[in-house]
1. So what is the 222 nm mean residue ellipticity for the chain from helices alone, if each DSSP H run of at least 4 adds -39500 (n - 2.57) and you divide by all residues, rounding to the nearest 500 deg cm²/dmol?
2. According to the Cα gyration tensor, what semi-axes, each the square root of 5 times an eigenvalue, does the equivalent ellipsoid of the range 141-182 have, listed from largest to smallest in whole Å?
3. Report ³J(HN,Hα) in whole Hz for each residue of the range 77-91, in order, from the Karplus equation J = 6.51 cos²θ - 1.76 cosθ + 1.60 where θ = phi - 60°; Gly and Pro get x.
4. Over what distance in Å are the Cα centres of the range 2-81 and the range 82-153 separated?
5. Please count, across the chain, the pairs of lysine residues with Cα atoms under 23 Å apart that sit 8 or more places apart or on different chains.
6. At 10 °C and a viscosity of 1.306 mPa s, what translational diffusion coefficient does Stokes-Einstein give for the range 89-139, taking Rh as the Kirkwood radius over Cα pairs? Give it in µm²/s as a whole number.
7. Sorted by accessible area (1.4 Å probe), largest first, how do 179, 99 line up?
8. From Cα coordinates alone, what are the radius of gyration and Dmax values for the range 45-181 in angstrom?
Amino acid sequence: RFIMSLLHRHPQKFAWFKEEVREYYSGNGPKIEASYDRIRTDSDPPTYPEYEATLTGLEAEIDATRLLADLCDDPIIGNAINEMRWSVLQTHGVGAPLLTSDRPVILSNGLAHPGSFVILPIGPTSAFLAIKGEAEEEQFHEAPIAELVERINHQVVWQANDDISGSNDRPMMFVDERLGKGVPQFVGGGKPVYPKQKWDTE
């Protein structure tokens, strides 16, 4: 849930959800009214006009919040991550610290195939790794540490929106060259939700 909340619960996505809900309500009033008798609960007014009179204008925010909560608790994605092999990548001895950002989760293109992974920096010298497959996990842990740090930092900065955090300001040039230039994990409007990528750690 924590990993999925990092993917879904940020201001741009919440604003997009609210706008989508507003557009749905404004464009589907007659359809909602026609199905009101079927979908209303015992606590709702008996007719749609009476229900409409109770609306406060905050429904888009409330429904968007519920949708985000459902996404963060999605059992299909949650179970896929739970069934992966979990470990911590240690990057001690490398001059560059791991960076994090407002979009810090790195995902493979899909979570069901061998080698599917989730990477999340959790400190300057450690990153959470969830991966499908024992051999694939070993490849990550045996990969050259300096190269792994650079690739993690590249993707974290590349997919960020505004904010990068690190233990010092030495990576400033690295950040300036990459910040926000990749495909974000979510942008709305039919764009890709996740960047397409597959890391080869051999």
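1. Theoretical 222 nm ellipticity from helices: -13000 deg cm²/dmol.
2. 19, 12, 8
3. In residue order, the calculated couplings are 5, x, 5, 4, 5, 4, 7, 6, 8, 9, 7, 10, 7, 9, 10 Hz.
4. Each part's Cα centre sits 34 Å from the other's.
5. 10
6. My calculation gives 134 µm²/s for D.
7. Correct descending sequence by accessible area is 179, 99.
8. Here Rg and the maximum Cα pair distance are 20.2, 68 Å.
The values are calculated or read from the model by the stated rules, or taken from the named source; none is laboratory data. Model, not experiment: these values are computed from the prediction. Reconstructed Cβ throughout: ideal geometry from the backbone, glycine too, with neighbour counts over all protein chains shown. Please note that ligands, DNA and RNA were not included when accessible areas were found on the heavy atoms of the full protein model with its side chains. Shrake-Rupley method; radii C 1.70, N 1.55, O 1.52, S 1.80 Å.
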